[in-house]
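Enquirer: This is the structure I have questions about; it appears just below.
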Amino acid sequence: MLWACVLLPQLALDGVLRRREDAHEPLVLVSGPAQARVVHAANPPARAAGLYRGQKLVAAQALLSQFAMVEYDREDEARWQRLLAAWAYRYSGEVGLFTHGVVLEVSRSLNLFGPWPHFESLLRADLRELGFRHRVALAPTPHAAYVLAGVHDGLAVEAPDALRHALAPIAIGQARLPAEVAQALPAMGIRSLGQLLQLPRAGLQRRFGGELLALLDRLTGDEPTPMESYRPPDTFEQRMEWTHEIEHVEALVFPLRRLTADLATYLAGRDGGVQRFELELEHCHGPPTRVAVGMLSAGRDATLLFDCARGRLERQVLAQPVLAMRLIARELPPFVPAGRDLFDSRPANAMPLDQLRERLRARLGEDAIQQLRRTLDPRPEFAQTSAPGVRPAQLPVLPRPTWLLDTPCPWRGPSPEILAGPERIETGWWDGGDLRRDYYVARTAQGQCAWMYCAPGEQGAWMLHGWFA
Amino acid sequence: MGQVLALDALIHARQVWHGRATPAPGGSQPTGWSQLDAVLPSGGWPEHALTEILLPADGIGELQLLLPTVARLSRAARQVMVIAPPYLPCVAGWEARDVVMSQVDIVQAGERDVLWAAEQCLRSGSCAAVLAWPHGADDRALRRLQVAADTGKALAFVFRDRRHAVQASPAALRLELEAGASLQVRVRKCRGGNPPISAVPLAAGWS
């Protein structure tokens, strides 16, 4: 077994920063009771001005006059951690959650994704894309990976024998032991994990109880770690809120890109797709505005999802300013990648046809794109439909035009010269749409070939129904 | 004086002007009308470029001119987009002319969106041909389509009224359909050669 740990030292702060476009503005998270507000986390521009974690907010305000303040939200932090677990699920079937960290079992994933250095770079590239600061370490046990990630970013210990050696120099304070143990041990002269592991077990058991021994056994791999594996939920829901009101749809595009990218990440982890999802725009008063996004087939490409959602959102008129946006996907059908011909003659960088159709539909309307097919109905009005279905096999032998008028209109020009006909169509008794017509092919004075009809037996009062263009 | 120069060398050095460009040996996008292919410098539709077709009236025979190409492309499982056609394509009629209708997407677009939709389709690179009926397209809009067709390596066809013939156009090929006693097509402009003087008759007919 090999475990990779992705440690997220600034999870809550990154979660807030990734919904903001301006990265250079000083920003802090604040927590604590109203009388004694303290800085929970500060971004690099704020730190450069001298703000630090644990500082009193009053002191921070004395140091820096202008900075953005966001309330630290434990629930928000947990949500980001779940998103990252969903992301990690793409790389491994066994994913566990630690405080500020996600561990994943990778010994089998390495067969698929390549050796560790390459795999590690994949993880890091994804995390950078998602906008989370991270430390990564590899070890034979999840606890050891968790501890090592905190001490040394990028450390990889693959052999179980080397693990004790790697753990030995780690200070007790950094070993993520229970708080009372971490306080008591240095007072006893035990300063590193190596010293602790060499102590007689019976004495440790007497002094600290069985839990510490079990923890050390799990750390070194003498005992397996019981762990609750992460299972991705069946629906996706992600929310973003702002400290200010957004009045223009254009300003929603950046957060939308984040939300759809998160959805794509989640779908890749589940190996699923999404066909319809909903955007909820929350307002100060009144019910939220709902924007439904539907696609022709299940997809999960981040660009495709973003394009579709953006097209729908841009057509939305905002009646009120928006405070928060939520993306909800309830139905997650299986994703079937489109097959492509090996000898496809299209250019290599071509946009997939589905994506093009979605983009057109997003701007022109849901029914803007049609594919027509023939039906078995002999009446010209019903002889073709855009509804999906089976195509009849046999071809008509009678002349049919290439353009068809939506509804036949009276012919106003001079009497046309008849080229062929009549073809009598007299049917439709079963649904009340009876017709009795004699169809002719006729040439107009301008030289067009027209498909016209008139009442049976007459050759006048022409109705134009199509063109042989 | 007395120096002998090989004619080939002069021609390759581009120092000698040819009265008439050498015809390309058979285009890769034949129009389906052999007489028309014969007079076009590329031996067919100009590749990855815009073709403008000027009509005296709708329904005059513009589809007769285009459907052999649409049929050929759709049979090869290539996608064809029909954007904002003036009438509904009649499936029976198109299929009788060998078009595979499952490869043809009909896009209904409002007046202002036709050019946008055509550009998107051309640029995407996943369509083999795009047929569009724009309203009030100007020189700049057509130039955009020309660039998009080049980017997406697609055939672009734009149908416009004959009265636009007097305006200059960035299209690589401009054809004008003329209906008299019989249907004929006049080449107004073609990139890579002089337009032929006489019109090319199309076998007019309704079947």
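The values are calculated or read from the model by the stated rules, or taken from the named source; none is laboratory data. Keep in mind the model is a prediction, meaning the values are calculated, not measured. Heads up, the Cβs are rebuilt from the backbone with ideal geometry, glycines too, and the neighbour counts pull from every protein chain shown. Side chains are part of the model used for accessible areas, which takes the heavy atoms of the whole protein and leaves out ligands, DNA and RNA. Shrake-Rupley method; radii C 1.70, N 1.55, O 1.52, S 1.80 Å.
Enquirer: For peptide B:61-67, compute the average count of partner chain beta-carbon atoms within 10 Å of each residue's beta-carbon.
Expert: 4
Enquirer: Over segment A:380-467, with the other protein chains present, what is the accessible area per residue in square angstrom, probe 1.4 angstrom?
Expert: Value returned for segment A:380-467: 54 Å² of accessible area per residue.
Enquirer: Something else about it: What is the distance, in nm, between label points placed 7 Å from the Cα along the Cα-to-Cβ direction at A:Ala445 and at A:Ala182?
Expert: 9.7
Enquirer: Oh, and also: How high is the FRET efficiency between A:Met1 and A:Gln174 when r is their beta carbon distance and R₀ equals 25 Å, given to the nearest 0.05? List each step's numbers first, then the result.
Expert: Working: r = 23 Å, r/R0 = 0.93.
Computed FRET efficiency for A:Met1 and A:Gln174: 0.60.
Enquirer: If A:Trp430, B:Trp45, B:Trp17 are ordered by their accessible area, calculated over protein heavy atoms with a 1.4 Å probe, which sequence runs from highest to lowest?
Expert: Sorted by accessible area, descending: B:Trp17, A:Trp430, B:Trp45.
Enquirer: Using the Cα gyration tensor of segment B:30-201, with a ≥ b ≥ c the square roots of its eigenvalues, what is the shape: rounded (a/c below 1.5), prolate (a/b larger than b/c) or oblate (neither)?
Expert: It is rounded, given that a/c, with a ≥ b ≥ c, falls under 1.5.
Enquirer: Could you name every residue in segment A:365-385 that has 10 Å² or more less accessible surface in the full protein assembly than in its own chain alone (probe 1.4 Å, ligands and nucleic acids excluded)?
Expert: Relative to the lone chain, where solvent access is computed with a 1.4 Å probe, segment A:365-385 loses at least 10 Å² at A:Ala368, A:Ile369, A:Gln370, A:Gln371, A:Leu372, A:Arg374, A:Gln384.
Enquirer: Now for a separate question. Provide the buried accessible surface between chains B and A in square angstrom, both chains summed, 1.4 Å probe, rounded to the nearest 100.
Expert: Working: alone 11490 and 25540 Å², together 33010 Å².
Interface between B and A: roughly 4000 Å².
Enquirer: Quote to one decimal, in nm, the extra length available between A:Lys56 and A:Gln371 on full extension: 0.36 nm per residue of separation minus the C-alpha distance between them.
Expert: Working: separation 315, 0.36 × 315 = 113.40 nm, distance 6.54 nm.
Taking A:Lys56 through A:Gln371 to full extension adds about 106.9 nm, to one decimal.
Enquirer: Looking at the square roots a ≥ b ≥ c of the eigenvalues of the Cα gyration tensor of segment A:380-467, which shape do they give, rounded for a/c under 1.5, prolate if a/b is larger than b/c, or oblate? Can you show the working numbers first?
Expert: Values: a/c = 1.92, a/b = 1.51, b/c = 1.28.
Because a/c hits 1.5 or more and a/b exceeds b/c, segment A:380-467 counts as prolate.
Enquirer: If you don't mind, another one. When ligands, DNA and RNA are left out and all protein chains stay put, how many square angstrom of accessible area per residue does segment A:235-369 have with a 1.4 Å probe?
Expert: 49
Enquirer: What order do you get for A:211-218, A:140-147 when each peptide is scored by the mean count of other beta carbon atoms within 10 Å, highest first?
Expert: Per-residue mean Cβ counts within 10 Å order the peptides as A:140-147, A:211-218.
Enquirer: Another question about this same structure. Please work out how much length the chain gains when fully extended from A:Glu245 to A:Glu381, using 0.36 nm per residue of separation minus the C-alpha to C-alpha distance, in nm with one decimal.
Expert: Going from the current span to full extension adds 43.8 nm.
Enquirer: When a/c reaches 1.5 or more, the comparison of a/b and b/c decides; with that in mind, is segment A:221-365 rounded, prolate or oblate per its Cα gyration tensor? Each step should come with its number before you reach the end.
Expert: On the way: a/c = 2.32, a/b = 1.08, b/c = 2.14.
Here segment A:221-365 falls in the oblate category.
Enquirer: Quote the FRET efficiency, to the nearest 0.05, computed for A:Glu417 versus B:Trp17 with a Förster distance R0 of 56 Å and r equal to the Cβ-Cβ distance.
Expert: Using R0 = 56 Å, I get an efficiency of 0.65.
Enquirer: Another question about this same structure. So what is the accessible area of chain B per residue, in Å², with the probe set to 1.4 Å?
Expert: I get 46 Å² per residue for this part.
Enquirer: Could you sort the peptides B:150-156, A:382-388 by per-residue average Cβ neighbour count (10 Å cutoff), highest mean leading?
Expert: So the peptides B:150-156, A:382-388, ranked by packing, come out B:150-156, A:382-388.
Enquirer: Take A:Thr407, A:Thr427 and sort them by solvent-accessible surface of the protein heavy atoms, 1.4 Å probe, largest at the top.
Expert: A:Thr407, A:Thr427
Enquirer: Roughly to the nearest percent, how much of the accessible area of chain A is carbon and sulfur, given a 1.4 Å probe?
Expert: 52
Enquirer: Using a simple spin-label model with points 7 Å from Cα along the Cα→Cβ vector, what separation in nm is obtained for A:Glu282 and A:Glu211?
Expert: Taking the two extended label points, one gets 3.6 nm.
Enquirer: Would you mind giving the mean number of other chain beta-carbons within 10 Å of the Cβ of each residue in B:102-111, as a whole number? Present the calculation step by step, with values, prior to reporting the outcome.
Expert: Values: counts 4, 1, 3, 9, 6, 7, 7, 6, 4, 0.
Per residue, the number of nearby Cβ atoms from other chains is 5 on average.
Enquirer: Set Lys and Arg Cβ to +1 and Asp and Glu Cβ to -1, take the dipole of segment A:245-304 about its Cα centre, and tell me which of A:Val291, A:Val274, A:Thr260 lies farthest positive.
Expert: A:Val274
Enquirer: If you count the DSSP beta bridges with both ends in segment B:30-201, what percent of them are antiparallel, to the nearest 5?
Expert: In segment B:30-201, DSSP labels about 30 percent of beta bridges as antiparallel.
Enquirer: May I pose another question? Using a 1.4 angstrom probe with every protein chain in place, what is the largest-first accessible-area order of B:His164, A:His285, A:His118, B:His12?
Expert: B:His12, A:His285, A:His118, B:His164
Enquirer: Given a 1.4 Å probe and every protein chain left where it sits, what share in percent of the accessible area of segment B:30-201 is carbon and sulfur?
Expert: Details: 2990 of 6240 Å².
Of all accessible area on segment B:30-201, carbon and sulfur atoms account for 48 percent.
Enquirer: What fraction of the DSSP beta bridges in the protein assembly as shown is antiparallel, stated in percent and rounded to the nearest 5?
Expert: On the way: 77 of 104 bridges.
Around 75 percent of the beta bridges assigned by DSSP in the protein assembly as shown are antiparallel ones.
Enquirer: Hey, another quick one. Relative contact order for segment B:30-201: what is it in percent, counting Cα pairs under 8 Å that are at least 6 residues apart?
Expert: 30 percent.
Enquirer: Pop the C-beta distance of A:Leu398 and B:Ala181 into the FRET formula with R0 = 25 Å and round what comes out to the nearest 0.05.
Expert: My answer for the efficiency is 0.40.
Enquirer: Take every residue in peptide A:402-408, count the Cβ atoms of other chains within 10 Å of its Cβ, and give the average of those counts.
Expert: Average per residue, whole number: 6.
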